[in-house]
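Notes for the one structure printed next.
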Amino acid sequence: MSDLQHLLGYREPIFNAPMAGAAGGALAAAVSQAGGVGMIGVSGSPKTEWIKEQVGHVADLETPWGVGFMAWSLEADLSPLESFLEFSPSLVSLSFGDVTRSAALAHEAGVLTAMQIGNAAELERAMEDDIDIIARGGEGGGHGRNESATPPLLQLATAQHTKPVVAAGGIGTAHGVAAALTAGAQAAWVGTRFLSASESLGHENFKSAVRQAGMDDTTYTRAFDIAQQLAWPAEFGGRALRNEFSETHEDLDSWEATPELRDEMLQARAEARANMAPVYAGQAVQFVQAPQTAAEVVTELAGFRQILRDTASRFA
Ligand SMILES: Cc1cc2nc3c(=O)[nH]c(=O)nc-3n(C[C@H](O)[C@H](O)[C@H](O)COP(=O)(O)O)c2cc1C
């Protein structure tokens, strides 16, 4: 049993990534009940009713669950973290921004705290603090850095051996999980592969786009954030499906972000038009093919055990 497994009490070393707009309480509960760690993704400052509804799915579980925040948005308002801490999550993830105040608050509440790191400098900072590490490569879906792929970052992080490391970015199959564990990760943090799960909050149009896309169909861009005039720090672009909008505006600059463009993007999101709206997904989108439940995805990924046994006997 790994340190993290001992601390959190999961059966399968598989965490669903906290994906705002997709990973709500239903997905987190399904992953947690299937033996993994279910994570709820929080965007901005959600309404109290939304928080209660999501927590309602997980609060009574006897299996571990957690919640993930965008650190830059907590810098302005810590109240979403305060609200979730009242429900005693097993894990809080704080990613993409300054975590000083938010990590202090989570630690005060006695909750295990982790952050996604995307380069060597971020790894160094996290090593100094009482924060566990999720090594996240740029092939991953959604926001993050695009500076290192998962394998080199993971090898660097696990070489330090002083903290548990979870691997994220591009893990979409049992072989991917086996590779991450072999490289020293204690668990896999999987986002894209859960996007089309029946429990995911995503619109069916987006789920269908994800199922049809392949590995070459993603792009890393800030265009969607700039168009919507979102306050994402510039170092965190996002990996999304290439679509008409990204093809036309790949290098959109902030001076080109007009109110009209913003309205157009908000409208496309409201109408779930996958050709214009951002459909965040990573290169592991290749492995999302059929509609599945989250439990089916966990069971499939748990096939890593047989792969590790086969690999060991092949090279013994
Ligand atoms: C649709 C989507 C939304 C995401 N939203 C969040 C989020 O709200 N908070 C967060 O910390 N990470 C978020 N992420 C990033 C994931 O935590 C994780 O880094 C990524 O999914 C891992 O790579 P993979 O998609 O290849 O599995 C999101 C990812 C996706 C695909």
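The values are calculated or read from the model by the stated rules, or taken from the named source; none is laboratory data. What you see is a predicted model, and the numbers here were worked out from it, not measured in a lab. With ideal geometry, Cβ positions are generated from the backbone for all residues, glycine too; neighbour counts draw on all protein chains shown. Surface areas here come from the heavy atoms of the whole protein model, side chains and all, with no ligands, DNA or RNA. Shrake-Rupley method; radii C 1.70, N 1.55, O 1.52, S 1.80 Å.
Regarding region 24-42, can at least one residue be identified that is farther than 30 Å from G303 by Cβ, buried (at least 23 other Cβ atoms within 10 Å of the Cβ) and free of Cβ contacts under 8 Å to residues at least 60 places away in the same chain?
At the first step, the residues of region 24-42 found to be farther than 30 Å from G303 by Cβ are 42.
Now drop any that are not buried (at least 23 other Cβ atoms within 10 Å of the Cβ), which leaves 42.
With free of Cβ contacts under 8 Å to residues at least 60 places away in the same chain added as a condition, the list becomes 42.
Yes, region 24-42 contains at least one residue that is farther than 30 Å from G303 by Cβ, buried (at least 23 other Cβ atoms within 10 Å of the Cβ) and free of Cβ contacts under 8 Å to residues at least 60 places away in the same chain.
Looking at region 281-316, which of the residues that are modelled with pLDDT of 95 or more and aromatic (F, W, Y) is least open to solvent (accessible area, probe 1.4 Å)?
Among them, the one singled out is F304.
Look at S198 and say whether it is among the small types (G, A, S), open to solvent by 30 Å² or more (accessible area, probe 1.4 Å) and in a helix (DSSP H, G or I).
So S198 fails the test.
Against the definition (outside the structural domain of G144 (by TED's automatic domain parsing) and surrounded by fewer than 22 Cβ atoms within 10 Å (Cβ to Cβ)), how does H175 come out, yes or no?
On the way: outside the structural domain of G144 (by TED's automatic domain parsing): no; surrounded by fewer than 22 Cβ atoms within 10 Å (Cβ to Cβ): yes.
Considered against the rule, which asks whether it is outside the structural domain of G144 (by TED's automatic domain parsing) and surrounded by fewer than 22 Cβ atoms within 10 Å (Cβ to Cβ), H175 comes out as no.
Any residue at all in region 244-258 that's open to solvent by less than 20 Å² (accessible area, probe 1.4 Å), within 18 Å of A20 (Cβ to Cβ) and not assigned by TED's automatic domain parsing to the domain that holds L181?
No, that holds for no residue.
Considering only region 114-134, I want to know if a residue exists there that is in a helix (DSSP H, G or I), in contact with a Leu (Cβ under 8 Å, 6 or more places away or on another chain) and more than 17 Å from F15 (Cα to Cα). Reasoning before the result, please.
Within region 114-134, the subset in a helix (DSSP H, G or I) is 120-128.
Then drop every residue that is not in contact with a Leu (Cβ under 8 Å, 6 or more places away or on another chain), which leaves 120, 123.
Narrowing further to those that are more than 17 Å from F15 (Cα to Cα): 120, 123.
Yes, there is a match, as at least one residue in region 114-134 is in a helix (DSSP H, G or I), in contact with a Leu (Cβ under 8 Å, 6 or more places away or on another chain) and more than 17 Å from F15 (Cα to Cα).
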